[in-house]
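What follows is a single structure, written as structure tokens, with notes after it.
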Amino acid sequence: SARGAKLVSAESAAIEVRAGETSSVELTVSEGTFLVVSLLEDDKPVRARLRVTDEAGRRVDDLMSMEDMLGLFSEGFSSRERTVGPLAPGKYTLVATTLDGKDAKKSVQVEEGQTERNVKLRLK
């Protein structure tokens with residue numbers, strides 16, 4: 001897969017890489033979708049860990065470019081609202097967990113052409 005500041009590709013088919021040989025894959029990138037996830041308990045923002053996985057169970061919330069990392073350091077990090085992406089079209093599972101064990105889980109379908117999607121996770 002490929003991912004940039006706003007562009008993303010879908011996962012390619014598996015390829016085999018062998019020492020001394022050339023392997024190739026063709027990826028098509030397009031503008032991805034950013035999920036803006038609000039973590040709530042009784043409709044109030046709450047701190048929680050967030051895990052986002054794709055349909056194959058691969059984590060996508062921790063994929064960050066150097067530019068993303070620098071932005072976190074300069075703008076700050078919130079554990080009450082998280083932005084994840086860009087994401088390719090597909091189904092994603094969001095799981096949030098507080099330090100005291102409360103959790104929330106939600107499936108989200110990302111459609112092509114969405115630039116941003118707001119999601120509220122209500123912890124129980």
Could you list, in sequence order, the residues of the range 1-37 that are at pLDDT below 90 and among the aliphatic types (A, V, I, L, M)?
Ala2, Ala5, Leu7, Val8, Ala10, Ala13, Ala14, Ile15, Val17, Val25, Leu27, Val29
Which residue is farthest from Lys106 (Cα to Cα), if the candidates are limited to the range 22-53 and must be of a type in the set (S, T, N, Q) and without any contact (Cβ under 8 Å) to a residue 60 or more places away in the chain?
Thr22
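Specify which of the listed residues (Gly101, Gly90, Gly85) is open to solvent by less than 80 Å² (accessible area, probe 1.4 Å) and without any contact (Cβ under 8 Å) to a residue 40 or more places away in the chain.
Only one candidate qualifies: Gly101.
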For Val52, work out the one condition from (1) open to solvent by less than 40 Å² (accessible area, probe 1.4 Å); (2) at pLDDT 85 or above; (3) out of contact with any Asp or Glu (no Cβ under 6 Å at 6 or more places or on another chain) it doesn't fulfil.
(3)
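The values are calculated or read from the model by the stated rules, or taken from the named source; none is laboratory data. Quantities reported herein were computed from a predicted structural model and do not represent experimental measurements. Please note: Cβ atoms are built from the backbone with ideal geometry, for glycine as well, and neighbour counts cover all protein chains shown. Just so you know, the surface numbers come from the protein's heavy atoms only, side chains and all, with ligands and any DNA or RNA stripped out. Shrake-Rupley method; radii C 1.70, N 1.55, O 1.52, S 1.80 Å.
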